[in-house]
Amino acid sequence: MNRFVAASLLCLTLTAPALADGKVYVQLPTFGPFEGNEAEDLLYHLVVANIVSSNCAGYEVTDAEWSLLTDSADLVAYGELKLSTNDFDNLFYDPAFDLLDDPTTCETEGPGVEPMLAELVQLGGSREPLPDQDKAYTEWRALMDRIQAEAAASHADAPPAGKTKTK
């Protein structure tokens, strides 16, 4: 019995990084430079593709594709636009979830999921999980910590961010 408990604890310890987020890690695209409202427009479409693919039958994505969408959105939100988590949610996720109140959203926005994924692949992203998920998690966590800290630092003396354009 003690061996079983020890083996179980060892397995949990070795898989902790993967279990921490319950996701897979993929090669992310390279973005930029952006001009005008390009970053906001891209972020809007990334978030809508995420919400639609997670809530609309017929537009589901794989775990790797979901990571490609959500992690790309994080790169744009925190890395490019320097949004706070609250601004990211309020300015992009809340309106995207509100779209689900419209019964035609799946029909109108669903066809945009595949082209969004194709664009991310064209920019260097991948729909396949990276082979070493533990290493990928460590690198992803370091990247997210860095860009979120940079975004937070950019807000230290700035007024609250406002979106310049809504859809």
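What follows draws every value from the coordinates through simple rules; no lab data is involved. No experiment lies behind these values; they were computed from the predicted model shown. Positions of Cβ are backbone-derived with ideal geometry, glycine not excepted, and every protein chain shown enters the neighbour counts.
Given an 8 Å cut-off on Cα distances and at least 6 residues of separation, report the relative contact order of region 35-154 as a percent.
Working: 101 pairs, mean separation 46.9, N = 120.
After rounding, I find 39 percent.
If you place +1 on the Cβ of every Lys and Arg, -1 on the Cβ of every Asp and Glu, and leave all else neutral, what size is the dipole of region 35-154 about its Cα centre, to the nearest 20 Debye? Could you put the intermediate results ahead of the total?
Working: 5 positive and 26 negative charges, 75 e Å.
Dipole size: approximately 360 debye.
If you average the alpha carbon positions of region 74-134 and of region 44-59, how far apart do those two centres end up, in angstrom?
That distance is 8 Å.
Roughly speaking, what is the stretch gain from Ser54 to Asp41, that is 0.36 nm per residue apart minus the C-alpha to C-alpha distance, in nm to one decimal? The partial results should precede the final answer.
On the way: separation 13, 0.36 × 13 = 4.68 nm, distance 2.00 nm.
Gain in length upon complete extension: 2.7 nm.
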